[in-house]
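Derivation of every value follows stated rules applied to the coordinates shown; laboratory data play no part. Computed from a predicted structure; not experimentally measured. Please note: Cβ atoms are built from the backbone with ideal geometry, for glycine as well, and neighbour counts cover all protein chains shown.
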Amino acid sequence: MTQIFEILGKFDTESDCHKLLYAPHPLPLKYREGRVYKIEFEGDEAALKAFVDKVLIDSISQEARVGGEPAFAKAAFVLEYGMKGAALDLEKEMILNYYRGTPNPGFEIKKLTLRTRIYVFGEGAEPAQFVRDIVNPAIHTHEVLKAAA
């Protein structure tokens, strides 16, 4: 089975996109960011959810959405990127190490994929500059989930 969890900050708000880019953007665009965990597993789904709640979510400041659909429909586009399979992903390794050290977790992780989602808001937003400035093709894979209309 596969479950997808997107972790978002409860208190986060749209921020200025200029902090993501190397060169100023001519439009006043905003963004929000989330972290996506795709877990392929066998076993008890409730045990997996309990693991995610304990290990991946800070219950005070974060919330999880389940299912993988983008959280913000009004985004002009969504850039999702993550580490290539051969690249060292320390967060992924620490999650898997914690899982391996958990006695009788009730499920078996077959594959774990971590991605960052950047939601860009604003009329006229195009993904090209964001892909160029954020994605490092040597270590990242990426996908634009929703292109600007």
Pull up the cross-link candidates among the lysines for K10, meaning alpha carbon to alpha carbon under 22 Å and not fewer than 8 places away within one chain. K19, K30, K38, K49, K54, K74
Below 8 Å between Cα atoms, with a sequence gap of 6+, how large is the relative contact order for the range 1-59 in percent? 43 percent
Quick check: the angle from helix 90-100's long axis to the longest principal axis of the chain, C-alpha only, nearest 10 degrees? 20 degrees
Using +1 on the beta carbon of Lys and Arg, -1 on that of Asp and Glu, and nothing else charged, what's the dipole of the range 61-149 about the Cα centre, debye to 20? 200 debye
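Just subtract the alpha-carbon distance of R132 and E91 from 0.36 nm times their residue separation and send over the number in nm, one decimal. Each step should come with its number before you reach the end.
Numbers: separation 41, 0.36 × 41 = 14.76 nm, distance 2.36 nm.
Going from the current span to full extension adds 12.4 nm.
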Other residues with Cβ under 11 Å from the Cβ of G43 give, with Lys and Arg +1 and Asp and Glu -1, a net charge of -3
Rounded Å value of the spacing that divides the Cα centres of the range 42-80 and the range 103-149: 14 Å
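Within a 10 angstrom radius of the beta carbon, how do I118, I109 rank from fewest other beta carbons to most?
On the way: I118 20, I109 17.
Result, fewest neighbours first: I109, I118.
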Which angle between 0 and 90 degrees, to the nearest 10, do you get for helix 45-55 versus the longest principal axis of the chain when only C-alpha atoms count? 60 degrees
For a paramagnetic label modelled at 7 Å from the Cα of F11 toward its Cβ, which residues of the range 54-69 fall within the zone defined by backbone nitrogen distances under 18 Å? 57-64
Note down the relative contact order for the chain as a percent, whole number, built from C-alpha pairs under 8 angstrom at least six residues apart. 36 percent
Ordered by fewest other Cβ atoms within 10 Å, a rough proxy for footprinting exposure, Y99, Y119 read Y99, Y119
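If contacts are Cα pairs under 8 angstrom and at least 6 residues apart, what is the relative contact order of the range 74-135 in percent?
On the way: 48 pairs, mean separation 39.4, N = 62.
That works out to 64 percent.
Using the Cα centre of the range 1-54 as the reference point, and only Cβ charges (+1 on K/R, -1 on D/E), how large is the resulting charge dipole? Debye, rounded to the nearest 20.
On the way: 8 positive and 10 negative charges, 58 e Å.
Here the size comes out at about 280 debye.
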Cross-link partners among aspartates and glutamates for K110, C-alpha distance below 17 Å, same-chain residues fewer than 8 apart left out? E40, E42, D44, E45, D89, E91, E93
Shape of the range 66-149, Cα gyration tensor, a/c cut at 1.5: oblate
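So, counting K/R as plus one and D/E as minus one, what does the shell of residues with Cβ under 13 Å around P127 add up to? Walk me through the intermediate numbers first.
On the way: positive: R117, R132, K146; negative: E80, E126, D133, E143.
Residues near P127 contribute -1 overall.
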Run the dipole for the chain about the Cα centre, Lys and Arg Cβ at +1, Asp and Glu Cβ at -1, nothing else charged, and hand back the magnitude in debye, nearest 20. 140 debye
Tell me which of F11, T113, T141 sits at the most positive position along the dipole axis of the range 2-146, charges placed on C-beta atoms (Lys, Arg +1; Asp, Glu -1). T141
